[in-house]
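Working notes, structure below.
The values are calculated or read from the model by the stated rules, or taken from the named source; none is laboratory data. Note that the coordinates shown come from a computational prediction; the quantities given were computed from them, not determined experimentally. Quick reminder, even Gly has a Cβ in these numbers, built from the backbone with ideal geometry, and neighbours come from all protein chains shown. Heads up: the accessible areas ignore ligands, DNA and RNA and are worked out on the full protein's heavy atoms, side chains in. Shrake-Rupley method; radii C 1.70, N 1.55, O 1.52, S 1.80 Å.
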Amino acid sequence: MTPPLITTLYTADPSAHVFNNRVYIYPSHDRETGIAFNDNGDQYDMADYHVFSTTNLDPPYDPADLVDHGIVLRTEDVPWASKQLWAPDAAQGRDGRFYLYFPARDRAGIFRIGVAVGDAPEGPFAADPEPIPGSFSIDPASFVDPDTGDAYLYFGGLWGGQLQCYQTPGPASSNKNDGTNFDATWSGPKEPSGAGAQALFPKYAKLDDSMRAFTPEGAQDLVILAPETGEPIPADDHARRFFEAAWMHKRGDTYYFSYSTGDTHYLVYATAKSPTGPFTYGGRILEPVLGWTTHHSIVEFQGRWWLFHHDCELSKGVNHLRCVKVREIFYDEDGKMFTKQD
Ligand code: FUB
């Protein structure tokens, strides 16, 4: 079995990027709190972030190759946040600075997405005093298009991630997508279901040049279509519908949007010829691992492609005490992605 890459802390939700010829990993930092497990994810009560970097992704890992850059942000460093520093990501702006994106609950218990700014990929990062205007839900994934330099944030997560609390009656095109229509009656492990119901789409927003705000168009739906119908994936299709853990990467002229299916525990992907879609479902990347959640990132390093993800091997199966792993990912001649899963 692939061994954990990080063994000194419980870590999860690894977002990996190459900066200055090193792989930087921005994970969640899991901890034990004694909070009872529930389907709202309350037991995932993380309070700070560490950043790691390495150049060796092939096991056996030498502990000397992996640098823990220490704590780079804490809940108490974020004026608007109350708890639950969930899955983060980072990007480098056109100004050369580094931007750490992270979700947390605000003082009203509503997830927002914050940004913290640093001068090096390993931080430290200073948080903006307010969340990104118009942001909501969880799991921000940044993507800087290697060909245009345009930067985007992809986000959203069902159940504890509150994406289902922002529905607007009517077609998806009528969604407000500005974070102002939070409906608390949809809080908890709920989502649309039933004949004719369409799965909720993840969101994307273009970042302006400040990297700290969305462009005036704000957040939009990232449409994912079923290849056999050309229609949006149905809500009841839990093996393919978006749940959480958005990630975007580009290989050649193809954009790959990958995500977790949540309660069916797959990592899957969809492809498009534009970073804003529409995307068409393409297949599975990873079968269920030990533990409830599955969350990942995909990055090219030294001519090979890598899937960073987590499972619960280090804690012997405790769902909220996870460990980051990495495995090589491959593409067939049609661009379909696959891993050699053990
Ligand atoms: O780590 C907390 C949450 O668990 C993340 O935000 C989700 O993607 C899931 O991995």
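Worth pointing out:
- Segments 326-337, 4-15 sorted - mean Cβ within 10 Å per residue, highest first: 4-15, 326-337
- Among the trypsin sites (Lys or Arg not before Pro) within segment 190-292, those in coil by DSSP and having at most 16 neighbouring Cβ atoms inside 10 Å are Lys190, Lys273.
- Accessible area per residue in Å² at 1.4 Å probe, computed on segment 215-316: 35
- Rough spin-label spacing in nm, given labels placed 7 Å along Cα→Cβ, for Lys176 and Glu333: 5.2
- Normalised per residue, the volume of the convex hull around the Cα set of segment 265-326 (Å³): 102
- Hydrodynamic estimate: the Kirkwood radius of segment 69-134 over Cα pairs, inserted into Stokes-Einstein at 25 °C and 0.890 mPa s, corresponds to D of 207 µm²/s.
- Take every Cα pair under 8 Å whose residues are at least 6 apart in sequence, average their separation, divide by the length of the chain, and the relative contact order is 16 percent.
- Averaging 1/r across all pairs of distinct Cα atoms in segment 141-206 and inverting the result yields a Kirkwood radius of 13.3 Å.
- Counting only Cα atoms, the size of the chain along its three principal axes is 55, 49, 43 Å, in decreasing order.
- Maximal additional length on extending the Ala197-Asp147 stretch stands at 14.3 nm, based on 0.36 nm per residue less the C-alpha distance.
- Averaged over its residues, segment 6-147 has an accessible area of 38 Å² per residue, based on protein heavy atoms and a 1.4 Å probe.
- Computed E for Asn319/Ala126 - FRET, C-beta separation, R0 22 angstrom, nearest 0.05: 0.10
- Rounded to 5, percent antiparallel among DSSP beta bridges of the chain: 95
- Stokes-Einstein D for segment 232-301, Kirkwood Rh over Cα pairs, 10 °C, 1.306 mPa s (µm²/s): 129
- Computed extension gain for Arg94 through Thr280, at 0.36 nm per residue and net of the alpha carbon distance, reaches 63.9 nm.
- Between Asp119 and Asp48, the C-beta separation translates, for a Förster distance of 22 Å, into a calculated FRET efficiency of about 0.65.
- Taking a quarter of the surface of the Cα convex hull of segment 93-213 gives a mean projected area of 8.7 nm².
- Whole-Hz Karplus values for segment 142-157 come out as 8, 8, 9, 5, x, 8, 10, x, 5, 10, 10, 10, 10, 7, x, x Hz, taken residue by residue from phi with 6.51 cos²θ - 1.76 cosθ + 1.60 and θ = phi - 60°; glycine and proline positions read x.
- Expressed as a whole percent, the accessible surface of the chain that belongs to carbon and sulfur atoms is 51, based on a 1.4 Å probe.
- With semi-axes defined as the square roots of five times the eigenvalues of the C-alpha gyration tensor, the equivalent ellipsoid of segment 199-248 measures 27, 11, 8 Å, largest first.
- Counting 0.36 nm for each residue step from Arg31 to Thr254 and taking away their Cα separation leaves a gain of 76.5 nm.
- Principal axes of segment 165-263: Cα extent on each, largest first, Å: 42, 35, 23
- Convex hull of alpha carbon positions in segment 8-155: directionally averaged projected area 9.8 nm².
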